[in-house]
Amino acid sequence: QQQVKQSPQSLIVQKGGISIINCAYENTAFDYFPWYQQFPGKGPALLIAIRPDVSEKKEGRFTISFNKSAKQFSLHIMDSQPGDSATYFCAASIQGGYQKVTFGTGTKLQVIP
Amino acid sequence: DSGVTQTPKHLITATGQRVTLRCSPRSGDLSVYWYQQSLDQGLQFLIQYYNGEERAKGNILERFSAQQFPDLHSELNLSSLELGDSALYFCASSRGIGSREQYFGPGTRLTVT
């Protein structure tokens, strides 16, 4: 019940295209869904996050879509650039005095020129 | 740069040995989290400390222990090391106990030979 399933495992997108990464969860107690971006040799960095009372959140070229009834959420990267090439992790956590975050398995994105 | 520092950057040691990984959180952050990232297990939450006290435990082995000191830096101790402990170990910090945003350090790459 604590799992967050992420797909695809890897993704190749042409420059200027849309990258879409999907995640699904089971535990309805999750109430915070962040996405992290990780470049090789670096730690994950918080990219964008959403709460379940919102269906969509946009920050620049990055958009999270959230479907509470389906228990799914996705990251869309518009106008993908080679500099977006990284591994992306979705995650989920439960408010409760501590922040035990459950991560998805990661998606390695490669944006080709 | 997230403001979280970790030392050492790389560590190579033999099976059966004990090592200590160190983390300094961002200035003002009271919570510290430890994660293990391996190829087959993804990013796994190990343990959280808040202002010197343990607050949450994840998939942390009994051979592993951690603590947070009065100056808020944290150490992760790994003992009786096995080949399977080879991984990236990340520290993250957040402002308070209920803060959602976690800031990751650059990680320590541990290789057990």
B:LEU46: passes all of (1) more than 10 Å from B:VAL32 (Cβ to Cβ); (2) at pLDDT 95 or above but (2)
Within segment A:20-35, residues being more than 8 Å from every other protein chain (Cβ to nearest Cβ) and closer than 12 Å to A:ILE64 by Cα number 6
So how many residues does segment A:49-63 have that are farther than 22 Å from B:SER2 by Cα, within 14 Å of another protein chain (Cβ to nearest Cβ) and not in a loop (DSSP other than H, G, I, E, B)? 1
Any hit, segment A:70-87, residues being in contact with a strand residue (DSSP E or B) (Cβ under 8 Å, 6 or more places away or on another chain) and within 14 Å of another protein chain (Cβ to nearest Cβ): yes
Identify, from the list B:GLN6, B:GLN68, the residue that is touching a Gly at 6+ places or on another chain (Cβ under 6 Å) and either in contact (Cβ under 8 Å) with a residue 60 or more places away in the chain or of a type in the set (A, V, I, L, M, F, W, C) (or both). B:GLN6
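Here is a yes/no grid of residues against (1) touching a Ser or Thr at 6+ places or on another chain (Cβ under 6 Å); (2) surrounded by fewer than 21 Cβ atoms within 10 Å (Cβ to Cβ):
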residue	(1), (2)
B:ARG18	yes, yes
B:ARG22	yes, yes
B:SER27	no, yes
B:ASP40	no, yes
B:GLY52	no, yes
B:SER65	no, yes
B:THR108	no, no
Name the strands (runs of 3 or more DSSP E) wholly within segment B:1-89 that hold at least 3 residues that are closer than 14 Å to B:GLY105 by Cα and of a type in the set (Val, Ile, Thr)? none
Among the residues of segment B:90-113 satisfying the criterion of being farther than 21 Å from B:ALA56 by Cα and in a loop (DSSP other than H, G, I, E, B), which is nearest to the other protein chains (Cβ to nearest Cβ)? B:PRO106
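Being surrounded by fewer than 19 Cβ atoms within 10 Å (Cβ to Cβ) and either away from chain B (no Cβ under 14 Å) or over 19 Å from A:VAL13 (Cα atoms) (or both) is the requirement here; does A:PRO44 meet it?
no
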Examine segment A:49-67 for a residue that is free of Cβ contacts under 8 Å to residues at least 12 places away in the same chain, more than 20 Å from A:GLN110 (Cβ to Cβ) and among the hydroxyl-bearing types (Ser, Thr, Tyr), and state whether such a residue exists. yes
Qualifying positions in segment A:6-48 - closer than 14 Å to A:MET78 by Cα, in a loop (DSSP other than H, G, I, E, B) and touching a strand residue (DSSP E or B) at 6+ places or on another chain (Cβ under 7 Å): A:LYS15, A:ILE18
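The values are calculated or read from the model by the stated rules, or taken from the named source; none is laboratory data. Everything numeric here is computed off the predicted structure, so don't read it as measured data. Positions of Cβ are backbone-derived with ideal geometry, glycine not excepted, and every protein chain shown enters the neighbour counts.
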